[in-house]
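To keep things clear, I will list the structure first and then write my remarks on it.
Each reported figure results from applying straightforward, stated rules to the coordinates on display, with no laboratory input. Being a predicted model, the structure only gives us computed values, none of them experimental. Here the Cβ positions follow ideal geometry from the backbone for every residue, glycine too, while neighbour counts run over all protein chains shown.
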Amino acid sequence: MIKKEQIYEGKGKKLFATDDEWTLIAEFKDDLTAFNAQKKAQEKGKGALNAAISAKLFALIKQNGVETHLIKRLDETNHLIKKTRIIPIEVVARNIATGSLSKRLGIKEGTELDFTLVEFYYKNDDLGDPIINDEHVVLMKLASEDELKTLKTLARKINDILRPFFRSVNLNLVDFKVEFGRDQNGQILLADEISPDSCRFWDLTSGEKLDKDRFRQDLGGVKLAYEEVLKRIEGALK
Ligand code: UDP
């Protein structure tokens, strides 16, 4: 597969065309951004770590019955992916209250939620990715009612796959964000990435944060944390 011209650059990845119309290459960047890109940094090797972590998790998710855009990891930082039209919704699943949920609703940080909460955010940097509900999604034609149901079902299914998996490597999957796209047949596929940039992982024993909160909160050791997450995943999926 030939890597052709760049067609898009996001905060964490660049997308390139290939010689096949329906296949793209996603290149993971070393850039770290937070708070709607108001805070920025670079961490050499972060892109490769996320590319490795995301490839492993997408493979695990696929084995458990959820279709994804990933065809294969090509090298350290490049994924060969199916082209999709991204649904402009960030689907967040939460097991433990923290972050914007605690801030917005005053639910105490660290509270175990009675059930996995699924939330939607409108993917729009100019508006700061505002939270939206089911009716906004349909009103704004971001997704149909059927697709909306599918997004919720898939987010819960992904959580049901990942939460016990991470528990088995002594990590608490606190919350995560996923994005979905429609392929050439309109089928909904898991897209984007699942990595410490898009999840919260707390060590089950020490409570230590092993995700992008280390960058958001200036805790240091960002790369070490991502390396630790990859090491645990690789240890379990050998
Ligand atoms: N998240 C993300 N991208 C975003 C916003 C959130 O990947 O633009 C992830 C974040 O890493 C966390 C979950 O979604 O795992 C919930 O984030 P929250 O709404 O608490 O946002 P924050 O506190 O980061 O503003």
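Helix by helix through the chain, keep the DSSP H runs that span 18 Å or more along the axis on Cα and average at least 0.0 on Kyte-Doolittle, and give those back in order. Counting only whole DSSP H runs, the qualifying helices are 46-63, 222-237. The calculated 222 nm mean residue ellipticity attributable to helices in the chain amounts to -10000 deg cm²/dmol, summing -39500 (n - 2.57) over DSSP H runs of n ≥ 4 and dividing by all residues. The 3J(HN,Hα) values that the Karplus relation (6.51, -1.76, 1.60; θ = phi - 60°) gives for region 100-117 are, in residue order, 5, 5, 5, 5, 6, 10, x, 6, 4, 3, x, 5, 6, 7, 5, 8, 5, 8 Hz. Gly and Pro appear as x. Note on residue 237 and residue 187: the model spin-label points, each 7 Å out from Cα along the C-beta direction, lie 2.0 nm apart.
Each peptide among 131-141, 162-172 gets the average number of other Cβ atoms lying within 10 Å of its residues, and from highest to lowest they stand as 162-172, 131-141. Using a cutoff of 8 angstrom between alpha carbon atoms and counting only pairs six or more residues apart, the relative contact order for the chain works out to 18 percent. Could you check which residue among 123, 39, 83 shows the biggest mean-square fluctuation in a GNM of the chain with a 10 Å Cα cutoff? Top of the fluctuation ranking is 39. If you take the Cα Rg of the chain and divide it by 2.2 N^0.38 Å, with N the number of residues, what do you get? The chain yields a ratio of 0.97.
Anything over 26 Å Cα to Cα? Flag those among 46/141; 44/212; 4/238; 4/40; 149/238, in the order listed. In this structure, 46/141; 4/238; 4/40; 149/238 lie more than 26 Å apart at Cα. Dividing the Cα radius of gyration of region 161-219 by its Kirkwood radius returns 1.10 for Rg/Rh. One chain, two ends: residue 118 and residue 104. Fully extended at 0.36 nm per residue, the span grows by 3.5 nm beyond their Cα-Cα distance.
Modelled this way, with points 7 Å down the Cα-to-C-beta line, the labels at residue 170 and residue 9 are 4.1 nm from one another. With the convex hull of its Cα atoms as the shape, region 13-115 has an orientation-averaged projected area of 8.8 nm². With R₀ fixed at 22 Å, the C-beta to C-beta distance from residue 203 to residue 37 puts the FRET efficiency at about 0.20.
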